[in-house]
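The values are calculated or read from the model by the stated rules, or taken from the named source; none is laboratory data. Note that this is a predicted model, so its numbers are computed, not measured. Cβ coordinates were reconstructed from backbone atoms using ideal geometry, including for glycine residues, and neighbour counts include every protein chain displayed.
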Amino acid sequence: MKIKYFAWIKDLTSNEEEELDCNKINNLEELKIFIISKYPDLKKHLDKEILRFAVNQEYISENIELSAKDEIAVFPPVSGG
Amino acid sequence: MMIKIQRDDFNSEKEINNIKKLYSNVGAVTSFIGYVRDYNNNNKVRSINLEVYEKMAYKQFEKIIKEANLKWSLIDCLIIHRYGKLDVNSKIVLVTCFSEHRKDSFESCNFIMNYLKKDAPFWKNEFYDKKNEWLINSN
């Protein structure tokens, strides 16, 4: 699966986009555990519920199943308009 | 509906007229235009850099226009949102709603803008004289 990072989250991961091994990550909760272990700086933002998650360009808050073809995005609160 | 996500500036009147000329039953057109201000957070703003998750922005704009169509009687709807480096006084966004009567165009335009400020996947990095700061929309 593909994971994309935006705005200042991207600065913390030093990575815009990466491919993850979907055999190890079955759902959104497992993905959250994976990203905070790989990028510990994200943990406090996850704990404070600052991080937003989108799966296939839709906002997701519940723990949904993920598959190999999914595109996941992790980003901070928005500021468009 | 017409949705454009682009780096370049646009001519609001031309964009609105391009849609208006398609419909003789349009009696009301409401537009909102957002600009880059010169002052924010007690700092003089030099420019902003707007980042976008483009694929999601298109999908979310389509969804919100469809939702507005269920709530109001709309003939057409236009959203243009820019990204990239924008100087003070630059246009950021245009939302225009076309309807027979003003209530539908006023209220739907406000509804779309409220959604856009809350959920549309854009992020402003504001540049001052000596620093820069990522913004969060308060409402």
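Does residue B:92 count as assigned to a strand (DSSP E or B) and surrounded by 17 or more Cβ atoms within 10 Å (Cβ to Cβ)?
Criteria met by residue B:92.
Keeping to the range B:84-113, report how many residues are in contact with a Gly (Cβ under 9 Å, 6 or more places away or on another chain) and either within 13 Å of chain A (Cβ to nearest Cβ) or at pLDDT below 95 (or both).
6
Determine whether residue A:72 is in contact with a Pro (Cβ under 9 Å, 6 or more places away or on another chain), at pLDDT 95 or above, not aromatic (Phe, Trp, Tyr) and not in a loop (DSSP other than H, G, I, E, B). Before the answer, list the steps.
Numbers: in contact with a Pro (Cβ under 9 Å, 6 or more places away or on another chain): no; at pLDDT 95 or above: yes; not aromatic (Phe, Trp, Tyr): yes; not in a loop (DSSP other than H, G, I, E, B): yes.
For residue A:72, the condition - in contact with a Pro (Cβ under 9 Å, 6 or more places away or on another chain), at pLDDT 95 or above, not aromatic (Phe, Trp, Tyr) and not in a loop (DSSP other than H, G, I, E, B) - is not met.
Pick from the range B:8-55 the residues that are more than 14 Å from chain A (Cβ to nearest Cβ) and of a type in the set (A, V, I, L, M): which of them is farthest from residue B:107 (Cα to Cα)?
Checking each candidate, the answer is B:22.
For every residue, the table says whether it meets (1) closer than 27 Å to residue B:21 by Cα; (2) β-branched (Val, Ile, Thr); (3) part of a loop (DSSP other than H, G, I, E, B); (4) out of contact with any Phe, Trp or Tyr (no Cβ under 7 Å at 6 or more places or on another chain).
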residue	(1), (2), (3), (4)
B:48	no, yes, no, no
B:68	yes, no, no, no
B:105	yes, no, no, no
B:116	yes, no, no, yes
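Among what's in the range B:1-46 and is of a type in the set (Phe, Trp, Tyr) and part of a loop (DSSP other than H, G, I, E, B), pick the residue that is nearest to residue B:134 (Cα to Cα).
Of everything passing the filter in the range B:1-46, B:10 is nearest to residue B:134 (Cα to Cα).
Does any residue in the range B:127-139 that is surrounded by 10 or more Cβ atoms within 10 Å (Cβ to Cβ) come within less than 6 Å, Cβ to Cβ, of a residue that is of a type outside the set (S, T, N, Q) and not in a loop (DSSP other than H, G, I, E, B) six or more places away or on a different chain, and which pairs are these?
B:133/B:126; B:134/A:7; B:134/A:8; B:135/B:124; B:135/B:126; B:137/B:117
Quick one: what pairs do we get from the range A:49-70, first residue surrounded by 15 or more Cβ atoms within 10 Å (Cβ to Cβ), second modelled with pLDDT of 95 or more and small (Gly, Ala, Ser), C-beta under 6 Å, 6+ apart or different chains?
From the range A:49-70, the pairs are A:54/A:73.
Just to be sure, is residue A:78 at pLDDT 95 or above, aliphatic (A, V, I, L, M) and assigned to a strand (DSSP E or B)?
Criteria not met by residue A:78.
Provide a single number: the residues in the range A:17-41 that are surrounded by fewer than 11 Cβ atoms within 10 Å (Cβ to Cβ) and within 20 Å of residue B:56 (Cα to Cα).
The number of residues fulfilling the criteria is 1.
In the range B:116-136, how many residues are facing another protein chain (nearest Cβ under 10 Å) and under 16 Å from residue B:49 (Cβ atoms)?
Here the count works out to 10.
Looking at the range A:61-81 only, could you name the residues that are within 12 Å of chain B (Cβ to nearest Cβ) and either in contact with a Ser or Thr (Cβ under 8 Å, 6 or more places away or on another chain) or of a type in the set (Val, Ile, Thr) (or both)?
Selection gives A:72, A:74, A:78.
Consider only pairs whose beta carbons are under 8 Å apart and that are at least six residues apart or on different chains; among these, list those whose first residue lies in the range B:86-98 and is closer than 17 Å to residue B:30 by Cβ and whose second residue is basic (Lys, Arg).
Close Cβ pairs (under 8 Å, with a partner that is basic (Lys, Arg)) amount to B:91/B:82; B:93/B:82; B:98/B:20.
Would you be able to tell me the number of residues in the range A:42-60 that are over 23 Å from residue B:49 (Cβ atoms), at the interface with chain B (Cβ under 10 Å from one of its Cβ atoms) and of a type outside the set (Ser, Thr, Tyr)?
Adding up the residues that qualify gives 2.
Name, by its number, the condition in (1) farther than 26 Å from residue A:80 by Cα; (2) within 10 Å of the chain's Cα centre (by Cα); (3) not acidic (Asp, Glu) that does not hold for residue A:4.
(1)
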